[in-house]
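A short write-up of the structure that comes next.
The values are calculated or read from the model by the stated rules, or taken from the named source; none is laboratory data. Source: prediction; values computed, not measured. Reconstructed Cβ throughout: ideal geometry from the backbone, glycine too, with neighbour counts over all protein chains shown. To get the accessible areas, we keep the full protein, side chains included, count just its heavy atoms, and leave off ligands, DNA and RNA. Shrake-Rupley method; radii C 1.70, N 1.55, O 1.52, S 1.80 Å.
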Amino acid sequence: MYLALLVIFLQCSELYTQEKVFTFNTVEIQVQPSVKVKNGDPMSVVCHADISKSTDFQLEHNFTIFKDGKLVFMTVSDKEDARYEVSVARSSDTGDYKCTVEAGGKTRTSDSLHVWVQGMTKPILTAEKKEVLEGEVVKLRCDLPEEAPPLYFFFQKTKMNSTPQQKYVFEAHRNFSVMEFAVEEGDNILQFDCFGKRYVQLGFETSEHSNKTLVTVREPFIKPTLSAKPSSNITEGDRIQFECSTVVARMRDIEIILQKNKTILNSVREEKVLKYSTVATLEDAGEYLCKVEQGRASKTTKLNVHVSELFPKPILVASMNKLDENKELTLSCSISGFRKANFSILRKNSNGDIWLRNSRNLTMRVNVNDTGSYICKAEVKGIVKESKPVRINVYAPVSKPTLSVVSGLPQVVLGKPLRLICRSATGTPPITFTFYKGNEIKKTVINDTYATFLDENIRQNGKRGYKCDARNNHSSGVKTSNILNITVIVPIRNASLGSIPYGEVEDGSETAFLCSVNEGSWPILFRIFKKTDDKVPLFEKNEYADRVMWRKEGMSRQDTGTYYCIASNQANVSVKSHPITINVILASWQKGIIAAFVLIPIAGAVIFTSWWFLWKKKKAKGPSMEMSGSALAANSTSEKLTRQHNDGDYYSGSGYIEDSENHMKSTDESKGPDLESAEVEYTEVEVSTLDPHRDSVENRHSIIRGHPDAT
């Protein structure tokens, strides 16, 4: 029974679980009546969720609507639709809309839908004042109260029968803007309006123009009048008086200014009239400007004045413009068609003209200090006129030029350029210098006191005589320098070092070192170095030759090493030879002494060894020799053959050993008569080493061929 109840409970639980199953099919967003809505009309944004359920059960939905990623509407409902109502659509409602639905732990988002609210509301324009004075400003405010920033505001100022003047302001955070317009001269009745713009889908949307606002302009003063007395057409020397006046509403801050070519001639403040007078000259002819200013307001009046010439400018004439010093110069001043004038002649100077004489003529003897510009002045009825300047050049003759090498000495290294300078100690510039190489003109230079010449074509056997000419505008003519002979220095080429003897040198002997060059101008500085001490030369000599020999006496072991030489001359180029190696060896007599010291002990040892051996042999005759004779003979014979084959150094000698009669008899009796004819052979003794142990063994095994005991 309990088992049945359990089965029924599990089946009921499974059925209940199946009843709660659901899934989102789609989530859609729509705009009514259309995605394009006219500004001011209502619109609805509807979010719909299409959901499939296993059974009919109630499900709670969370709807969220976004515009351009920002939350604009949120609600909770058991229905599958949610509606976001916008009663009055504005351009700020334009954007991308999407909705999200969350139910039972599941969430689904719709696709994005773009909504465009077409048109903008009409802006409202207000002006701070309805009446202003010239020079003041009009302050305006333009509002778009039902629009959301960012917005562009455009303001327009329109004069009577003229094109509107426009300004704009970008407002990123507010839906209104302010602007100021200056009231200019001539403004009367001004009309202002504004409109707005916003950026929509890669373009701009523009609002209607606002209400038009009229502003009346009043003049703070009238346009000034400018007059010239006695007339605007006068003759130079006459006095002319200018008068500028105006009518003002108030005198405070009023200013009147008289100008000519932007130069202020006179000015007055808080007065209605300005006066200015002067004696007329030709320079006073032109346009005059009277300006009245008050605050920002400004008005002007212009007047042209013509001045007739009373007399022309004087003309200064010189008898000569270029002349030698100590010559006579005459200056004459005149006025064409006019003789009654006061003349004066002056010399121009940067610190002020220098008066010379009150006369139309001037004669003087000149020197070089009189070089300069001269003028004359003429005065009639207080009018002074000045002539054009006349340039006078007075010349002193050039001195004989000197030609030298810029570097100092009259020499040049082969292959290097030669720079010469030609100079004249005196003479009025400009001076014309001409350079010659041989008799050929190389260069002409015009300068004040000197000129330089660069000769880059230097050859060993080329022309080496140079000269230069100097002349100016003095009548004395050309001066020529002395001929300058140039020494061409040939650089050192290919230095070599040798020695006699070469390679090996005996200790204490003399060695001759020879350093030579293939080419190079004399004198040549030869220096010989040893490689272990490169800083201090062993030998140094200046030689008027292409080689030098150095004899070094008493060579020693310390002189063994590597030697080289360096040659240089006035070309300042040092050339290094290839190194040579010198090895100092023992002299012949030194070798003899060493050999004597070595061989004498050896010879003594040999003689002593031979004597000792003979002495031992004589002492050893008797039974010992009889007992070991046969064995020693065989062993010594074998060892002799072996040593003759293996030992390289040995000493050969001969000796005769006499034996006693008893010994011979004993031998004859034991060995028989066959050995009677045996001959005596020589004994060989090896002395390659002086080892006592080895010598004793070898002596014991010495063979004495032909000895009777050998059998």
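Computed from phi, the 3J(HN,Hα) profile of region 30-44 under the Karplus parametrisation 6.51, -1.76, 1.60 (θ = phi - 60°) reads 9, 10, 10, x, 7, 6, 10, 10, 7, 4, x, 7, x, 8, 10 Hz, with x in place of Gly and Pro. Please compute the modelled spin-label separation between Arg493 and Val279, points set 7 Å along Cα→Cβ, answer in nm with one decimal. Distance between label points: 8.6 nm. Ligands, DNA and RNA left out, the accessible area of region 441-522 computed with a 1.4 Å probe is 45% carbon and sulfur. One Cα centroid belongs to region 109-155, the other to region 163-238; the line between them spans 20 Å. For region 598-611, putting each phi into the Karplus relation 6.51 cos²θ - 1.76 cosθ + 1.60 with θ = phi - 60° gives couplings of 8, 7, 4, x, 5, 4, x, 5, 5, 4, 4, 4, 5, 4 Hz, in residue order, rounded to whole numbers and with x for Gly and Pro. For region 371-428, the orientation-averaged shadow of the C-alpha convex hull comes to 7.1 nm² (one quarter of the hull surface). FRET efficiency for the pair Val406 and Arg347, taken as 1/(1 + (r/R0)^6) with r the Cβ-Cβ distance and R0 = 45 Å, rounds to 0.70. Using the 1.4 Å probe convention, the accessible area of region 46-203 works out to 53 Å² per residue with neighbouring protein chains retained. The phi-based Karplus calculation (6.51 cos²θ - 1.76 cosθ + 1.60; θ = phi - 60°) puts the 3J(HN,Hα) values of region 344-353 at 8, 10, 9, 10, 5, 8, 5, 9, x, 5 Hz, whole numbers, x for Gly and Pro. Amide H contacts under 5 Å for Ile254: Glu270, restricted to partners 5 or more places along the chain or on a different chain, H placed in the peptide plane at 1.01 Å from N.
When the listed pairs Lys129/Lys197; Lys122/Lys167; Lys38/Lys212 are checked against a 22 Å cut-off, the alpha-carbon distance exceeds it for Lys129/Lys197; Lys38/Lys212. Taking amide H atoms as placed 1.01 Å from N in the peptide plane, the amide H of Ser359 lies under 5 Å from those of Ser344, Ile345, each 5 or more residues away in sequence or on another chain. Each Lys and Arg adds +1 at its Cβ and each Asp and Glu adds -1 at its Cβ; summed about the Cα centre, region 302-371 shows a dipole of about 280 debye. log₁₀ I(q)/I(0) of region 431-501 at q = 0.18, 0.20, 0.27, 0.28 Å⁻¹, via Debye over equal Cα point scatterers, no solvent, to two decimals? Result of the Debye calculation: -0.77, -0.89, -1.28, -1.33.
For a label point 7 Å from the Cα of Leu454 along Cα→C-beta, name the residues of region 407-440 whose backbone N is under 12 Å from it. In region 407-440, the label zone of Leu454 (backbone N under 12 Å from the point 7 Å along Cα→Cβ) covers 417-420.
Here the calculated FRET efficiency for Arg365 and Ser227, from their Cβ-Cβ distance with R0 = 51 Å, stands at 0.35, rounded to the nearest 0.05. Partners of Lys442 within straight-line reach, counting lysines whose Cα lies under 24 Å from its Cα and excluding those fewer than 8 residues away in the same chain: Lys400, Lys416, Lys463, Lys467, Lys479. Between region 442-520 and region 261-334, the C-alpha centres lie 69 angstrom from each other. Taking every protein chain into account, the accessible area of region 479-584 amounts to 55 square angstrom per residue (probe 1.4 Å).
Largest first, the residues Val132, Val21 sort by 1.4 Å accessible area into Val21, Val132.
Of the accessible area of region 346-411, computed with a 1.4 Å probe over protein heavy atoms only, carbon and sulfur atoms account for 49 percent.
Per residue, the accessible area of region 297-423 comes to 55 Å², computed with a 1.4 Å probe over protein heavy atoms only.
Take the Cβ atoms of Lys70 and Ile264, set R0 to 60 Å, and the FRET efficiency comes out at 0.45. Scanning residues 5 or more positions from Leu586 or on other chains, those with amide H under 5 Å from its amide H are Asp507, with H placed 1.01 Å from N in the peptide plane. Taking only the Cα atoms of region 329-441, the ratio Rg/Rh comes out at 1.28, with Rh defined as the Kirkwood radius. Segment Ile483..Trp615, full-extension length gain: 37.0 nm, with 0.36 nm per residue of separation and the alpha-carbon distance subtracted. Across region 123-261, Cα-Cα pairs farther apart than 24 Å form 50% of the total. Surface listing: Tyr450, Tyr564 arranged by accessible area from highest to lowest gives Tyr450, Tyr564, probe 1.4 Å. Ordered from largest to smallest accessible area (heavy atoms of protein chains, 1.4 Å probe), the residues Trp615, Trp355 come out as Trp355, Trp615.
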